[in-house]
Amino acid sequence: MSIQHSILQLTLGQRIDSIRNTIQELKVDNEVTLVAVSKTQPASLIAEAFQEGVTHFGENYLQEALTKQNTLKHLPIIWHFIGPIQSNKTALIAQQFDWVDSVDRQKIAQRLSEARLLSGKTPLSVCIQVNISHELSKSGVDEKELPQLAHCVSLCRGLQLRGLMAIPDPRLSDTELRMQFRKMKDWFDQLRQQYSSMDTLSMGMTQDYLMAISEGATQVRVGTGIFGVREK
């Protein structure tokens, strides 16, 4: 039975419980944060997932997210922006989100920091997105530029460098995918020695989050596994 088909047999609450139980069965030392990827999902389903104990939600599209945030402003949701960031959207992202998981260049980091400082809020938690598979079509900083970007983010007063994020090429074999997760963990461990605020390694989605956790992920982003197959 495929993942998609098995998911359809469960309620949303059962899906969330199944994910949590599976993570607990791995018996890893580090705590794992579940981020529900809620892009294209209605506010009603986000509220239902929140009632089931999920507090972190990830959105890719700014205008869609702002509408949901307004609808759900009575709930203490922790909002993550996880999509590509356009320069002209940095002010709203910095003001409206708790986390940005997809910082991939200095210009964006600096603009987010400036806008966050103007908002008067506490520093914005950020992860640097690494293009670990070196895909031309995918966002993320190249590995050779990662130390320089990490230094830049660490100097931004409106930001707090929390960790790294990656979305490996889904066409990889399991062996290749595991090697890329391990490479991310190596980078995370290396940079964490320099930046004490780093506590988050965000990698792994519905199809591969268990492997990612086994290789050191502390945060996974699950969409289909919670909400089912998205409508196009």
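The values are calculated or read from the model by the stated rules, or taken from the named source; none is laboratory data. As the structure is a prediction and not an experimental result, all values here were calculated from the model. For neighbour counting, all protein chains shown are included, and Cβ atoms are generated from backbone atoms with ideal geometry for every residue, glycine included.
Summary table below
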{"read-out": "Residues satisfying the stated conditions in the range 65-88, i.e. surrounded by fewer than 17 Cβ atoms within 10 Å (Cβ to Cβ) and of a type in the set (D, E, K, R)", "value": "Lys73"}
{"read-out": "Thr206 vs. criteria among the hydroxyl-bearing types (Ser, Thr, Tyr) and surrounded by 15 or more Cβ atoms within 10 Å (Cβ to Cβ)", "value": "yes"}
{"read-out": "Qualifying positions in the range 175-232 - touching a Ser or Thr at 6+ places or on another chain (Cβ under 9 Å), hydroxyl-bearing (Ser, Thr, Tyr) and over 16 Å from Ile23 (Cα atoms)", "value": "Tyr195, Ser197, Thr200, Thr224"}
{"read-out": "Spans of strands (runs of 3 or more DSSP E) in the range 111-219 with at least 2 residues over 14 Å from the mean Cα position of the chain (by Cα) and of a type outside the set (Val, Ile, Thr)", "value": "159-166"}
{"read-out": "Residue that is touching a Ser or Thr at 6+ places or on another chain (Cβ under 8 Å), surrounded by 12 or more Cβ atoms within 10 Å (Cβ to Cβ) and at pLDDT 95 or above, where the choices are Leu45, Leu10, Leu34", "value": "Leu45"}
{"read-out": "Long-range neighbours under 7 Å by Cβ, at least six apart or interchain, first residue touching a residue at least 60 places away in the same chain (Cβ under 8 Å) within the range 189-200, second assigned to a loop (DSSP other than H, G, I, E, B)", "value": "Thr200/Thr218"}
{"read-out": "Residue within the range 166-186 that is of a type in the set (A, V, I, L, M, F, W, C), over 21 Å from Gly83 (Cβ atoms), in contact with a Phe, Trp or Tyr (Cβ under 7 Å, 6 or more places away or on another chain) and surrounded by 15 or more Cβ atoms within 10 Å (Cβ to Cβ) present", "value": "no"}
{"read-out": "Qualifying residue in the range 78-86 (condition: in contact (Cβ under 8 Å) with a residue 40 or more places away in the chain and in a helix (DSSP H, G or I))", "value": "no"}
{"read-out": "Hey, Leu112 surrounded by 21 or more Cβ atoms within 10 Å (Cβ to Cβ), out of contact with any Cys (no Cβ under 6 Å at 6 or more places or on another chain) and aliphatic (A, V, I, L, M) or not", "value": "yes"}
{"read-out": "Among residues of the range 15-71, those that are of a type in the set (Phe, Trp, Tyr) and either within 15 Å of Val220 (Cα to Cα) or in a loop (DSSP other than H, G, I, E, B) (or both), counted", "value": "2"}
{"read-out": "Condition met for Glu143 (surrounded by 14 or more Cβ atoms within 10 Å (Cβ to Cβ) and touching a strand residue (DSSP E or B) at 6+ places or on another chain (Cβ under 9 Å))", "value": "yes"}
{"read-out": "Qualifying residue in the range 43-56 (condition: out of contact with any helix residue (DSSP H, G or I) (no Cβ under 6 Å at 6 or more places or on another chain) and among the charged types (D, E, K, R))", "value": "no"}
{"read-out": "Selection from the range 91-107 of residues that are surrounded by 16 or more Cβ atoms within 10 Å (Cβ to Cβ) and under 17 Å from the mean Cα position of the chain (by Cα)", "value": "Ile93, Ala94, Gln96, Phe97, Trp99, Val100, Asp101, Ser102, Val103, Asp104, Arg105"}
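Residue-wise test of (1) out of contact with any strand residue (DSSP E or B) (no Cβ under 9 Å at 6 or more places or on another chain); (2) touching a residue at least 24 places away in the same chain (Cβ under 8 Å); (3) not aromatic (Phe, Trp, Tyr).
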| site | (1), (2), (3) |
| --- | --- |
| Ser113 | no, yes, yes |
| Gln160 | no, yes, yes |
| Asp169 | yes, yes, yes |
| Ser173 | yes, no, yes |
